[in-house]
1. Whole number in Å², please: accessible area per residue of the range 142-261, 1.4 Å probe, ligands, DNA and RNA not counted.
2. Do you know the relative contact order of the range 142-261, to the nearest whole percent, from alpha carbon pairs under 8 angstrom that are 6+ apart?
3. Using the Cβ atoms and a cut-off under 12 Å, what net charge is assigned to the surroundings of Val124, where Lys and Arg are +1 and Asp and Glu are -1?
4. Given the C-alpha atoms of the range 142-261, compute the convex hull and give its volume per residue in Å³.
5. What FRET efficiency comes out for the pair His191/Ala153, r = Cβ-Cβ distance, R0 = 41 Å, nearest 0.05?
6. With labels modelled as points extended 7 Å from the Cα through the Cβ direction, what inter-label distance (nm, one decimal) is found for Ala133 paired with His220?
7. How many times 2.2 N^0.38 Å is the alpha carbon radius of gyration of the chain?
8. About its Cα centre, how strong a charge dipole does the chain have in debye, to the nearest 20, once Lys and Arg get +1 and Asp and Glu get -1 at the Cβ?
Amino acid sequence: MQALLLDGKALAAKTEQALTARVAALKQVNQGTAPILATILVGDDPASATYVRMKGNACERIGMSSLRIELPTETSTEELLAEIDNLNHNEAVHGILLQHPVPPQIDERSCFDAIAIDKDVDGVTSSGFGRMAMGVPAYGSATPQGIMRLLEAYKLSVEGKEAVVIGRSPILGKPMAAMLLNANATVTVCHSRTENLADVVRRADVVVATVGKPEYIRAHWIKDGAVVIDAGYHPGGKGDVELEPLIERVQAYTPVPGGVGPMTINTLIYQTVEAGERKLNQR
Ligand code: NAP
């Protein structure tokens, strides 16, 4: 049986239509001015520059504006903190995205944590993570939140299922594990020190690969009927999972590209619209 393809690209496009209407309504209560997502890019990494451009383009597609801040590679932590502080106090800005990773001399965690919680639409602050983990409303980290939105859209419940997350980064693996736990999955988190990774993955009803290595998760590790979520994206269109042999025998999978990636950007703009609504509708 052919597995269900979890089409993040199509879901993102459909969601953009609804977001366009919501932004138009917001403009009406804000003298014609759209909510603004501020994006901060530090340095000249071409992949990061592409991601920031894609996020700005997504804002434009739904009628929102983006304020693009580009800082030189040699920016210090203090300089970046000052920029974030300005944006926190800028009434016109509803969401702030600091593109990860920043150059190594910058204390990225301090800078993420300096983002005001009501503007943390990319879900990167420690307090946002803590709130989300405790089940208190907060903007979720964009990639795992996008994965949860994709699972929900396809009515794939994780309740009672054994979920295995490979990777424990602060913006992906860890919040993914907390979100799956909140959705009543039984969650195991693997990382570079995990022993017998293949055996752990073999138990999973839901596999979420966030390992950052092309096709590192082998197809024969994954059991028949599993749901396979692949957050990886590598040159040549490969993900973190060896997907091809699985398409005949799993329940559902995210394609690479077109699965998780579009949902990440879509979640960022979705959460920015929500932040705009909270701010502007309370006037
Ligand atoms: P990361 O910070 O490099 O984290 C990778 C994680 O994988 C770490 O927790 C690491 O363990 C674990 N790991 C590394 N080697 C392993 C091994 N041999 N066995 C088991 N675990 C291992 O990466 P990230 O930022 O979370 O991103 C992960 C992947 O997702 C990348 O491919 C990235 O491009 C992709 N990504 C996609 C999107 C999207 O929108 N589609 C967004 C963000 C990231 P340790 O903690 O022990 O080092």
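The values are calculated or read from the model by the stated rules, or taken from the named source; none is laboratory data. Because the structure is predicted, anything quoted here is derived from the model rather than measured. Don't worry about glycine lacking a Cβ; one is built from the backbone with ideal geometry, like all the others, and counts go over all protein chains shown. What goes into the accessible areas is simple: the full protein's heavy atoms, side chains included, and nothing from ligands, DNA or RNA. Shrake-Rupley method; radii C 1.70, N 1.55, O 1.52, S 1.80 Å.
1. Here the residues of the range 142-261 average 45 Å² of exposed surface.
2. 22
3. -1
4. Cα-based convex hull of the range 142-261, divided per residue, equals 91 Å³.
5. Efficiency for this residue pair is about 0.90.
6. 3.8
7. Relative to the 2.2 N^0.38 Å estimate, the chain comes out at 1.00.
8. Taking the Cα centre of the chain as origin, the dipole is about 820 debye.
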